[in-house]
Amino acid sequence: MHGSGILTRWLLENDLVDEMTLIVIPVILGQGARLFPEIGPDLALDLVESRVDSKGVAIQVYRPAGRPRYATA
């Protein structure tokens, strides 16, 4: 599935995502829509695969891993 951040968030919130591939292109843009909202539940991800192509594009495959655990101070 490409494109829709709203659909992606809904699928994640309803535990309907088995695997997610993020493609990071090394370009900085000054504006744009957020993929993930500033508020809402946190979600841990397990990295399954990671590679970088000859142009520096990072391709990372993740699987949802439930709620994250944070270290206490």
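The values are calculated or read from the model by the stated rules, or taken from the named source; none is laboratory data. Owing to the predicted nature of the structure, the values given are computational and were not obtained by experimental measurement. Note: ideal-geometry Cβ built from the backbone for every residue, glycine included; neighbour counts use all protein chains shown.
Would you pick out the residues in the stretch 24-37 that are without any contact (Cβ under 8 Å) to a residue 24 or more places away in the chain and under 21 Å from residue 58 (Cβ atoms)? Show your work before the answer.
Applying the first criterion (without any contact (Cβ under 8 Å) to a residue 24 or more places away in the chain) to the stretch 24-37 yields 27-32.
If the condition is that a residue be without any contact (Cβ under 8 Å) to a residue 24 or more places away in the chain and under 21 Å from residue 58 (Cβ atoms), then 27, 28, 29, 30, 32 are the ones that fit.
Taking into account only those residues within the stretch 22-44 that are hydrophobic (A, V, I, L, M, F, W, C) and over 17 Å from residue 10 (Cβ atoms), which is modelled with the lowest pLDDT?
29
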Scan the stretch 40-73 for residues that are small (Gly, Ala, Ser) and in a loop (DSSP other than H, G, I, E, B) and jot them down.
40, 44, 54, 56, 65, 66, 71, 73
Kindly provide the set of residues from the stretch 24-53 that are in contact with a strand residue (DSSP E or B) (Cβ under 8 Å, 6 or more places away or on another chain) and of a type in the set (A, V, I, L, M, F, W, C), ordered by number.
24, 43, 44, 45, 47, 48, 52
Evaluate the following for residue 21: is it of a type outside the set (A, V, I, L, M, F, W, C), in contact with a strand residue (DSSP E or B) (Cβ under 9 Å, 6 or more places away or on another chain), in contact (Cβ under 8 Å) with a residue 40 or more places away in the chain and not in a loop (DSSP other than H, G, I, E, B)?
yes
Of the residues that sit in the stretch 43-52 and are surrounded by 10 or more Cβ atoms within 10 Å (Cβ to Cβ) and not polar (S, T, N, Q), which one is farthest from residue 7 (Cα to Cα)?
52
Taking the conditions exactly as written (among the basic types (Lys, Arg) and without any contact (Cβ under 8 Å) to a residue 12 or more places away in the chain), does residue 51 satisfy them or not?
yes
Considering only the stretch 24-39, state which residues are aliphatic (A, V, I, L, M) and part of a loop (DSSP other than H, G, I, E, B).
25, 27, 28, 29, 33, 35, 39
